[in-house]
Amino acid sequence: MSSDFESYEQDFAVLTADITGRIGKVPKLLGDEKKQMVANVEKQLEEARELLEQMELEVREIPPQSRGMYSSRMRSYKQEMGKLEADFKRSRIAYSDEVRNELLGDDGNSSENQLIKLREERAHLLDNTERLERSSRRLEAGYQIAVETEQIGQEMLENLSHDREKIQRARERLRETDANLGKSSRILTGMLRR
């Protein structure tokens, strides 16, 4: 089980290193090249999220006494993932000089209306990004509640199973006691007749 976790860890390390390198290139690219790189990074970020989910599942399968070390590693990976996502967001928003010149015109002397429009679009994009992040946090919180509920349910099922075993053992003892009382009663009846 921990070997699966370690395999996911290695995949996560390789993937995050690649993502970090690509994020650094995003502001320097133009046009279709930049769009392609952004799409690739988004895809890799999704893969990294899926790896984190797999690692989370593996941690839940580890016995509670060994789980602490893995849980702290998971927290560290989640923080790293959050930093990557924030860096990616900044790299998409940060325009290099070439991109700025392309948007504003080669000489950089565009009209005031174009600047206002660009600022409004940027503000709109930032608002949408913040909304998406809030939604993602809510989904993550819902997922965490579902995981905790599942764990509680699993513990309750284990407790019920143990209780059932105890009740069955008690029932067996009662049957044995009843059988012994029946034998004793027959013996006493026989003794009384003599």
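The values are calculated or read from the model by the stated rules, or taken from the named source; none is laboratory data. Just so it is clear, the model here is predicted, and its values are computed rather than measured. Backbone-built Cβ (ideal geometry, glycine too); neighbour counts: all protein chains shown. These area figures cover heavy atoms from the full protein model, side chains too; ligands, DNA and RNA do not enter into them. Shrake-Rupley method; radii C 1.70, N 1.55, O 1.52, S 1.80 Å.
Just a few scattered comments:
- Residue-span extension gain [Leu181 to Ile93] - 0.36 nm each, minus C-alpha spacing: 23.1 nm
- In the structure shown, the pairs Lys34/Lys83; Lys28/Lys83; Lys83/Lys117; Lys34/Lys78 are assessed against 24 Å; a Cα-Cα span above that value is assigned to Lys83/Lys117; Lys34/Lys78.
- Kyte-Doolittle mean at least -1.0 and Cα axial length at least 15 Å: DSSP H helices in the chain: 2-25
- Helix-only arithmetic for the chain: the sum of -39500 (n - 2.57) across DSSP H runs with n ≥ 4, divided by the residue total, places the mean residue ellipticity at 222 nm at -33000 deg cm²/dmol.
- Paramagnetic reach from Ile62 in the stretch 26-51 [backbone N under 17 Å; point 7 Å along Cα→Cβ]: 51
- Extension gain for Asp163 to Arg73 (0.36 nm times residue separation, less C-alpha to C-alpha distance): 28.8 nm.
- Arg119, Arg134, Arg67, reordered so the largest accessible area comes first (probe 1.4 Å): Arg119, Arg134, Arg67
- Given (1) 19.2; (2) 17.1; (3) 22.5, the label whose value is Kirkwood radius over Cα pairs in Å derived from this model: (3)
- For the stretch 113-193, the calculated P(r), taken from all Cα-Cα distances in 10 Å bins from zero up to the bin holding the longest distance, is 14, 15, 12, 12, 11, 9, 8, 6, 5, 4, 2, 1 percent.
- Normalised by the number of residues in the chain, the mean separation of alpha-carbon contacts (under 8 Å, six or more apart) gives a relative contact order of 20 percent.
- Modelled this way, with points 7 Å down the Cα-to-C-beta line, the labels at Thr129 and Lys35 are 1.9 nm from one another.
- For the stretch 3-104, the Kirkwood estimate of hydrodynamic radius, built from reciprocal distances between every pair of different alpha carbons, is 15.0 Å.
- Subtracting the Cα-Cα distance of Leu139 and Glu172 from their residue separation scaled by 0.36 nm leaves 7.0 nm.
- Residue-count net charge about Met37 - beta-carbon cut-off 9 Å; Lys, Arg +1, Asp, Glu -1: +3
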